[in-house]
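Participant: Shown below is the structure under consideration.
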Amino acid sequence: MNNPLDFHFYRPADGHGLAHDPFNAIVGPRPIGWISSQDEEGRLNLAPYSFFNAFNYIPPIVGFASLGRKDSLRNIERTGQFGWNLVTRPLAPAMNETCAAVAPEVDEFALAGLTPAPSREIAVPRVAESPVSFECRLTQIVRLQDTAGAELESWLVLGQVVGVHIDRSLLEDGVYRTAKARPVLRGGGPADYFEISEDTLFHLYRPR
């Protein structure tokens, strides 16, 4: 007979009682929202967000959560546009450079040695070195609340994808090969990341 599972239980409001908050590690690994934006004067911003995902298929909608009123949130509020750029294993060090807490006038593209490439549908540039980018127009900004209805210092930014750039080398017979891009995902802990590779691929087909 198998031994019963031994659970560690905690109420988040009371603290987790562990060496590091496990929440981010449990809900993970997560796609990285490498968000490009610019202010009204055209000053560029590039920042990674670990709370990012896709939320609708047709039309495609993606979103990220800004914990605090950061430059990306303010820029998108004012311009209604942003880009998403895929973080790959070779780009991970550059992505990490754009995590730096710098003044709004600092261009993270230049800081990380990246090239802004023009978009087609929006004014915000994409990361030229990234093999996949989305051009997005703002649809909603939702301030998050707790169970008591109190507003939190967190904002969910949602945008409709109006343009997609894909490096043709990632397409095989018209199919986008996820692992071929070597995407990097955010894990838990202060520095944990994961790379998707072909050797972790398996298939499950939907029941008919």
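The values are calculated or read from the model by the stated rules, or taken from the named source; none is laboratory data. Because the structure is predicted, anything quoted here is derived from the model rather than measured. Note that we place each Cβ from the backbone using ideal geometry, even for glycine, and neighbour counts take in every protein chain shown.
Participant: Return the residues of region 193-208 that are more than 16 Å from Gly33 (Cα to Cα) and not hydrophobic (A, V, I, L, M, F, W, C); say none if nothing qualifies.
Facilitator: Selection gives Ser197, Glu198, Asp199, Thr200, His203, Tyr205, Arg206, Pro207, Arg208.
Participant: Go through region 28-52 residue by residue and tally those that are surrounded by 13 or more Cβ atoms within 10 Å (Cβ to Cβ), in a loop (DSSP other than H, G, I, E, B) and at pLDDT 90 or above.
Facilitator: So the answer is 6.
Participant: Same structure, new question: Only residues that are surrounded by 15 or more Cβ atoms within 10 Å (Cβ to Cβ) and either more than 17 Å from the chain's Cα centre (by Cα) or polar (S, T, N, Q) (or both): list them for region 146-161, please.
Facilitator: Across region 146-161, the qualifying residues are Ser154, Gln160.
Participant: Check Ala19, Ala13 and return the single one that is over 19 Å from Leu156 (Cα atoms), assigned to a loop (DSSP other than H, G, I, E, B), hydrophobic (A, V, I, L, M, F, W, C) and free of Cβ contacts under 8 Å to residues at least 12 places away in the same chain. Spell out how you get there, then give the answer.
Facilitator: Working: Ala13 fails: assigned to a loop (DSSP other than H, G, I, E, B).
Unique residue meeting the criteria: Ala19.
Participant: Just name the residue that is nearest to Leu152 (Cα to Cα) out of those in region 53-67 that are among the β-branched types (Val, Ile, Thr) and buried (at least 16 other Cβ atoms within 10 Å of the Cβ).
Facilitator: Among those residues, the one meeting the criterion is Val62.
Participant: Name every residue in region 107-135 that is within 23 Å of Ala179 (Cβ to Cβ) and either without any contact (Cβ under 8 Å) to a residue 24 or more places away in the chain or over 19 Å from the mean Cα position of the chain (by Cα) (or both), in order of residue number.
Facilitator: Within region 107-135, just Ala128 meets the criteria.
Participant: Right, here's the next one. Do you know which residues across region 83-107 are in contact with a strand residue (DSSP E or B) (Cβ under 7 Å, 6 or more places away or on another chain), modelled with pLDDT under 95 and closer than 17 Å to Ser50 by Cβ?
Facilitator: Cys99
Participant: Checking the condition in contact with a strand residue (DSSP E or B) (Cβ under 8 Å, 6 or more places away or on another chain), basic (Lys, Arg), surrounded by fewer than 12 Cβ atoms within 10 Å (Cβ to Cβ) and modelled with pLDDT of 95 or more, which residue from Arg143, Arg177, Arg168, Arg126 passes?
Facilitator: Unique residue meeting the criteria: Arg143.
Participant: Among the residues of region 156-208, what is the count of those that are in a strand (DSSP E or B) and touching a residue at least 12 places away in the same chain (Cβ under 8 Å)?
Facilitator: Residues meeting the conditions: 18.
Participant: Additional query: For Ala101, work out the one condition from (1) small (Gly, Ala, Ser); (2) part of a strand (DSSP E or B); (3) without any contact (Cβ under 8 Å) to a residue 12 or more places away in the chain it doesn't fulfil.
Facilitator: Condition not satisfied by Ala101: (2).
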